[in-house]
1. Multiplying the sequence separation of residue 65 and residue 137 by 0.36 nm and subtracting their Cα-Cα distance, what value in nm do you get?
2. Which order do peptides 169-180, 67-78 fall in by mean Cβ count within 10 Å, highest first?
3. Relative contact order, percent, of the chain when contacts are C-alpha pairs under 8 Å separated by at least 6 residues?
4. Quick one: the Cα spread of segment 85-212 along its three principal axes, in angstroms, biggest first?
5. Along its principal axes, what span do the Cα atoms of segment 19-62 show, with the longest given first and each in whole Å?
6. In whole angstrom, note down how far apart the Cα centers of segment 187-201 and segment 4-68 are.
7. Specify whether the C-alpha gyration tensor of segment 168-208 places it in the rounded, prolate or oblate class, a ≥ b ≥ c being the square roots of the eigenvalues: rounded for a/c under 1.5, otherwise prolate if a/b is larger than b/c and oblate if not.
8. Let me check against my output: what whole-number percent is the relative contact order of segment 1-94, with C-alpha pairs under 8 Å and at least 6 apart?
Ligand SMILES: NC(=O)c1ccc[n+]([C@@H]2O[C@H](COP(=O)([O-])OP(=O)(O)OC[C@H]3O[C@@H](n4cnc5c(N)ncnc54)[C@H](OP(=O)(O)O)[C@@H]3O)[C@@H](O)[C@H]2O)c1
């Protein structure tokens, strides 16, 4: 799920946090986190924001705990470099931190017995379907993708995004940071519009379902 400007940008021209969404978008984001078993985010989003999104709404926290789940879903950070600065607030956030990295070709094991300092788990993955399978085997089947564009573009192009939720905000940001990088395209549509809901403050939530993949 992403908050996008009317000109399809998710960050200001200079990059970094755009503070696009208002209160309605924040509620939709927290509801998605409350539904999720885990939240995926690209390392650049984490480096730019310094932390990941937490559920703050008392009713959502209470319901997760009532269901016997952790208050916050684990943060699954995708990185090739593994370089997340040690002084980010992320390291003090009250959640599980998992580091997901592409496996070296021919790697024998995809799980690190001892994750790097600060991480609760480290997994290597060989493909997106294999990663989803490995996460499902860990009980993490319901995944919410928090961005950014590089990661969202790859997963969309690979047909790994089942639903696309955009909070459309009536701002014109300009600049190069399109929510869908030019190097990636959506699987051929049309995507089915499942929901369109005013979020207040002139924002609109649009939720689409992926079209069936060829041969599916
Ligand atoms: N409006 C919104 O809703 C929203 C949401 C999220 C983010 N954003 C904005 O988006 C911007 C950041 O997005 P971005 O597109 O630049 O970066 P991104 O997608 O957040 O992260 C890119 C990084 O993810 C890692 N990565 C990418 N592909 C990978 C793969 N196949 N396997 C493993 N790791 C992989 C790499 O990390 P390493 O460099 O560590 O190798 C790469 O540099 C920020 O400005 C942020 O504010 C906006």
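None of the figures in this text is laboratory data; all of them are computed from the coordinates on show. Here the structure is a predicted model, which is why all the values come from computation and not from measurement. Heads up, the Cβs are rebuilt from the backbone with ideal geometry, glycines too, and the neighbour counts pull from every protein chain shown.
1. Values: separation 72, 0.36 × 72 = 25.92 nm, distance 2.19 nm.
Separation in residues times 0.36 nm, less the Cα-Cα distance, equals 23.7 nm.
2. Peptide ranking by packing, descending: 67-78, 169-180.
3. On the way: 388 pairs, mean separation 61.6, N = 216.
In percent, rounded to a whole number, it is 28.
4. Sorted from largest, the Cα extents of segment 85-212 read 47, 37, 30 Å.
5. 30, 24, 13
6. For segment 187-201 versus segment 4-68, the Cα centre distance is 18 Å.
7. Numbers: a/c = 4.52, a/b = 1.13, b/c = 3.99.
It comes out oblate by the Cα gyration axes.
8. The normalised contact order for segment 1-94 reaches 29 percent.
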